[in-house]
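All remarks here apply to the structure that follows.
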Amino acid sequence: MQRSAITVRGVVQGVGFRPFVFSLASRFQLRGFVRNHAGEVRIEVEGSPESIQRFLGELREAPPPLARITDLQCHQIPIRNEIEFRIESSEENRSAPVFVSPDIAPCDACLQELFDRENRRYLHPFLNCTNCGPRLTIIESVPYDRERTTMGRFPMCPKCQAEYDDPLDRRFHAQPIACPECGPRLIALTPKGETIATDDPLNFFVVQILQGKIGVLKGVGGFHFVCDARNEQSVRELRRRKHRNEKPFAIMVADVNLARVFCHVTAEESELLTSQRRPIVLLTTRNRSAGTEFPIAESVAPNNPELGVMLPCSPLHSLLMAMVGNVPLVMTSGNRSDEPIAYQDENVIEQLGTLADVILTHDRPIHVRCDDSVTRVILGDELPIRRSRGYAPEPISLPWGCPRPILAVGGQLKNVFALGNGRHAFLSHHIGDLDHYSAYLEFERDVKLYEDLFGVVPELIVHDLHPDYSSTGFAIQRAANDGIESLGVQHHHAHLASLMAEHNLDEPLIGVLFDGSGMGTDDAIWGGEFFVGDYGGFTRKNHFRYVRLPGGDHAVREPWRMGVAHGRDAGCDVSFPGISQQQTGLVKQMIEQGFNSPYTSSVGRLFDAVSALVGVRTHVSYEGQAAMELQWLATECDDPRLYPFDVSKPIDTRPLIQAVADDVKRCVPTPIIARRFHSTLVKIIVTVCQQIRSATGVNAVGLSGGVFLNSILTCETTLQLQAEEFRIYRHRLVPPSDGGLCLGQLAIAVHRLKNR
Ligand code: ZN
Ligand code: ZN
Ligand code: FE
C-alpha cells in the first residue's frame, strides 16, 4: 500500500478533469480525493503501487479531450487509510488564473443526444458538455464560470443544475450547460431587424436558403453569410452585396464524404476537417469540368484550384447541415469587403442588414469575436494560415520559461498578440488588420481580457520596429504609462524566431524570410531576406536587390506600380492593360525623385510586379491576391525551364524581369511564365542556401514569412533543399505570415531577459 500526491498543471479546469479522475480512480480501486487548487488539479490516491502506476499512466496518456497537461508531478506521502475516493469541492482560489479552452465542436456524445428523439436535448442547438461547446467567445471576465460568461443571463433549470452539480455527470461544471428548457433561443429576423413569427426559425431560414436567398447566420465567433454554394446566381449576388470582394469563399458540408465529392481529401486533411477544432481546410478541387454530382458554383472560388472546406462547428451548424442534407453552403465572414467580421447583435442589422434576405440569430451574445481558423496540409504536415477559433487561446510551449511576464503585440496586419508566462505563450485569436479602428479597439480590449484570464501583468512589452504600426504605438505608450520596459524587434528576426520557438530549436538557422514588407534596420522595407541567426541576433547574409516601392501602401494595392519599378530597374519597356502612359510616367517620376518611394527587397512585391507584367493583376482587392493568382496559374503547368538569375549579393532580379518581359512580348502563355517564375525562385533559394552553408557550415534552413503560404513555393523548396541534404523547418503551429510574429517577438524577449 502506498499514497501519492499528484499535481497536474495545464488546461485542466473546466474540461471535465475531476470526473475523469474520479472514474479512473474508481477503476483502479484507489482511494483519496481530487480537487482544483489555484489553477491546477491536486490529486491524492492510495492503493497498490501497481495500480497507482497504471492510474498515472492513463492520466498522462489519455486525459479528457479538451485537457492539455503541461506538467505532472508526483511524490509519495504517508498513508491515511481512506475508504473511498471523492471529488472535493475545492477551496477555490478565486483570483488564480485558469486556462480557458478554445471553442470546440460538439463531441460524439452530444451529437448522439442532438439527434436522439428520446433525449431531452433532441434538436437543441445549444447543447454542450465538459468536452465540447463555446468557451473563449463567451467569456466576459474572470474567473471562468457561468456568471461571467454570456450564459450568465440564462438561469439553469433544475435538471441542468442537477447535472452541473453531479461529479459523475458528463456535464459536471460545464459552464455553458443548456437545454430547451433554460438555454438560448433561435430568432429569425428580417433584414430590418423585425422578428419573424415562426415556431421553427431554423426551418424558416433553411427554406429561404434553398430558394436561393442570402442569409446571415450567427456562428460561434461572429456572423456569417450563408447561401447555396451550388447556386451561381446567389453566390454572384452575395459577391455583389459584399462589395467587389474577390476573396474565395469557404463552404460548409455535412461530412467528409461530401467533401470528397468536390475535393481530394488525404488522410491528414480528413483528420483536420474532423478534428474538434473544425478549421477551414484548403483542399484541391476535383476536375470541375468532369461534371460532378454536386457542382460548386464557379463564383465561390473563381479560377482557384483550391477550395476552403469546413464541417459543422457547433450544434446549430450540425442541425443546419442535417436539414440541407447534401447541399454545400457558402459560409463566409459576415462583413463588407475587408472590415472585421460582425459579431454583436446590436450592430448586425446596421452592418449587414441591407446585405441579407434573412437573418438567423439567437440570444446568447458573442463577447469575443473569433474568426474561423484556416489551415492546409503541405507534404503531410499542417501549415496554419489563420490560427483562431478552435485553437486560441490554447498555449504553445516556449523553449524556456519567461523570467518575467511579457506581452508581445505582434504586427499591423493579421494581428495576433501573445502573453508569455512561465513556459507558456498564450497567443490570441486573430484580431485582424489594425488599420480598422474597430479591430484596434478590440485589440486593446482583448489584451486586457487575456491579461485577466491568465493572470499576467506584463513587465516587458515587445513590438515591431515599424513606428507606424498601431501595435507599436500601443506598446510604447503602454510601457511609458506603466513605467515598464519595451523592446523593439526586427520584423524578419521575429519571423525566424517564431519558427525556432515552435520547433523548440536552440541553434543558428539559415532563415529564408520572404514576405510583403517589414521594417529593416536600414530604413528600407525588407521582405526577401536570407539570415543566419538565432534568438540572440542575426546576420543578413543576402537579400533581393532593392527597388523602389512607388507610393508606399498604394503600391501594395496597385501591383502595376511594382511592375513599373521592377521594369524600370531592369531597363525594360513595360505597359499594363488599363493603365495610361501618363500614369506610368508619373510613377516613373516618383521613382526617379525618390518621392514617397522607399527601397524594398520584398519578394511579395516581386510577385506583384511579375503578376502585373504578365497581365494577371494591375489592382488587388486584398493583400497577396496577385501572388495567389500567379500561383493558381502555375499549378496548371509543368514547364521545367528556368529564367536566368544572378545570386551575387544582393540577388539581382534584373535578368529575371527582363526574361519575363521578353516572354510577355513573345506572347508566351501566362501559366508557363508563372510556372517558370516559381521554379526560378525555388532555384534561387536553394543556390543561396548552398552558398551560405559553404561559408558558415549551417545546415538547417527555416522557411518563414507570408510568401511561404504559397504551396508551390513551400513544397518545392522543401523537396529541393532536402535533396541537397539540408534540414528543413516549416511552420506547423503558427502561420508563417504576420499572424505568427508575436511568438517570435516573445521568444526573442525571453532570450534577452534570460541572458542579462
Ligand atoms: Zn459534448
Ligand atoms: Zn436546462
Ligand atoms: Fe511579415
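The values are calculated or read from the model by the stated rules, or taken from the named source; none is laboratory data. Please read all numbers here as calculations on a predicted model, not as lab measurements. Ideal geometry is used to build each Cβ from the backbone, glycine not excepted, and the neighbour counts take in all protein chains shown.
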Can you confirm whether Glu140 is under 30 Å from Phe225 (Cβ atoms) and more than 16 Å from ligand 1 (Cβ to nearest atom)?
yes
Candidates Gly585, Gly578 - the one that is at positive phi and not hydrophobic (A, V, I, L, M, F, W, C)
Gly578
So the check is Cβ under 7 Å with 6+ separation or different chains; which pairs have a first residue in region 298-313 that's over 30 Å from Cys107 (Cα atoms) and a second one that's among the β-branched types (Val, Ile, Thr) and assigned to a strand (DSSP E or B)?
Pro305/Thr284; Pro305/Thr285
Within region 166-200, restricting attention to residues that are loosely packed, with under 13 Cβ neighbours inside 10 Å and farther than 18 Å from Pro125 by Cα, which residue is nearest to ligand 1 (Cβ to nearest atom)?
Leu168
Val707 being without any contact (Cβ under 8 Å) to a residue 60 or more places away in the chain and assigned to a helix (DSSP H, G or I)
no
Go through region 60-71 and report how many residues are among the aliphatic types (A, V, I, L, M) and part of a strand (DSSP E or B).
1
In region 228-241, is there at least one residue being farther than 23 Å from His362 by Cα, out of contact with any helix residue (DSSP H, G or I) (no Cβ under 7 Å at 6 or more places or on another chain) and within 16 Å of ligand 2 (Cβ to nearest atom)?
no
Only one of Arg60, Arg68 is without any contact (Cβ under 8 Å) to a residue 40 or more places away in the chain and either out of contact with any helix residue (DSSP H, G or I) (no Cβ under 6 Å at 6 or more places or on another chain) or hydroxyl-bearing (Ser, Thr, Tyr) (or both). Can you tell me which?
Arg60
Among (1) in contact with a Ser or Thr (Cβ under 7 Å, 6 or more places away or on another chain); (2) within 14 Å of ligand 2 (Cβ to nearest atom); (3) not acidic (Asp, Glu) - the single one His173 does not satisfy
(2)
Restricting attention to region 99-137, which residues are more than 14 Å from ligand 1 (Cβ to nearest atom), among the hydrophobic types (A, V, I, L, M, F, W, C) and either farther than 26 Å from Tyr450 by Cα or in a strand (DSSP E or B) (or both)?
Leu123
The listed residue being surrounded by fewer than 21 Cβ atoms within 10 Å (Cβ to Cβ), more than 26 Å from Phe726 (Cα to Cα) and not polar (S, T, N, Q), out of Pro644, Pro650, Pro671:
Pro671
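For every residue, the table says whether it meets (1) more than 25 Å from Ile104 (Cβ to Cβ); (2) part of a helix (DSSP H, G or I).
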| residue | (1), (2) |
| --- | --- |
| Ser4 | yes, no |
| Ile43 | no, no |
| Glu58 | no, yes |
| Gln73 | yes, no |
Quick one: how many residues across region 35-54 are out of contact with any strand residue (DSSP E or B) (no Cβ under 6 Å at 6 or more places or on another chain) and without any contact (Cβ under 8 Å) to a residue 40 or more places away in the chain?
4
Pro19 fails exactly one of (1) outside any helix (DSSP H, G or I); (2) modelled with pLDDT under 95, namely (1)
Yes or no: region 148-162 includes at least one residue that is part of a strand (DSSP E or B), touching a helix residue (DSSP H, G or I) at 6+ places or on another chain (Cβ under 8 Å) and either more than 16 Å from ligand 3 (Cβ to nearest atom) or in contact (Cβ under 8 Å) with a residue 12 or more places away in the chain (or both).
yes
Residue by residue through region 131-162, note down the ones that are touching a His at 6+ places or on another chain (Cβ under 6 Å) and surrounded by fewer than 17 Cβ atoms within 10 Å (Cβ to Cβ).
Glu140
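Here is a yes/no grid of residues against (1) in contact with a Lys or Arg (Cβ under 6 Å, 6 or more places away or on another chain); (2) at pLDDT below 95:
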{"site": "Asp338", "(1), (2)": "no, yes"}
{"site": "Asp345", "(1), (2)": "no, yes"}
{"site": "Leu355", "(1), (2)": "yes, yes"}
{"site": "Thr361", "(1), (2)": "yes, no"}
{"site": "Ile366", "(1), (2)": "no, no"}
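Looking at region 176-203, which of the residues that are assigned to a loop (DSSP other than H, G, I, E, B) and hydroxyl-bearing (Ser, Thr, Tyr) is farthest from ligand 2 (Cβ to nearest atom)? So that I can check it myself, show each step before the final result.
From region 176-203, those assigned to a loop (DSSP other than H, G, I, E, B) are 176-185, 190-194, 196-200; that's our starting set.
Narrowing the set further to residues that are hydroxyl-bearing (Ser, Thr, Tyr) leaves 190, 198.
Working: Thr190: 30, Thr198: 23 Å.
Ranking the qualifying residues of region 176-203, first place goes to Thr190.
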For region 531-543, name all the residues that are assigned to a strand (DSSP E or B) and more than 15 Å from ligand 3 (Cβ to nearest atom).
Val532, Gly533, Asp534, Gly537, Thr539, Arg540, Lys541, Asn542
Output yes when any residue across region 457-473 is farther than 16 Å from Phe417 by Cβ, in contact with a helix residue (DSSP H, G or I) (Cβ under 7 Å, 6 or more places away or on another chain), surrounded by fewer than 21 Cβ atoms within 10 Å (Cβ to Cβ) and not hydroxyl-bearing (Ser, Thr, Tyr), and no when none is.
yes
All conditions in (1) over 30 Å from Ala439 (Cα atoms); (2) touching a Ser or Thr at 6+ places or on another chain (Cβ under 9 Å) are true of Ile187 except (1)
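So, restricting to strands (runs of 3 or more DSSP E) that lie completely within region 212-280, which ones have at least 3 residues that are surrounded by 22 or more Cβ atoms within 10 Å (Cβ to Cβ), in contact (Cβ under 8 Å) with a residue 24 or more places away in the chain and not small (Gly, Ala, Ser)?
Fully inside region 212-280 and qualifying: 215-218, 223-228.
Residue by residue, here is whether (1) part of a helix (DSSP H, G or I); (2) in contact (Cβ under 8 Å) with a residue 40 or more places away in the chain; (3) β-branched (Val, Ile, Thr) holds:
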site	(1), (2), (3)
Asn347	yes, no, no
Ile359	no, yes, yes
Ile366	no, yes, yes
Asp371	no, yes, no
Thr375	no, yes, yes
Glu382	no, yes, no
Ile385	no, yes, yes
Trp400	no, yes, no
Enumeration of residues in region 341-356 that are farther than 21 Å from Arg239 by Cβ and among the β-branched types (Val, Ile, Thr)
Ile349
Within region 393-422, considering residues that are among the small types (Gly, Ala, Ser) and at pLDDT below 95, the one farthest from ligand 2 (Cβ to nearest atom):
Gly401
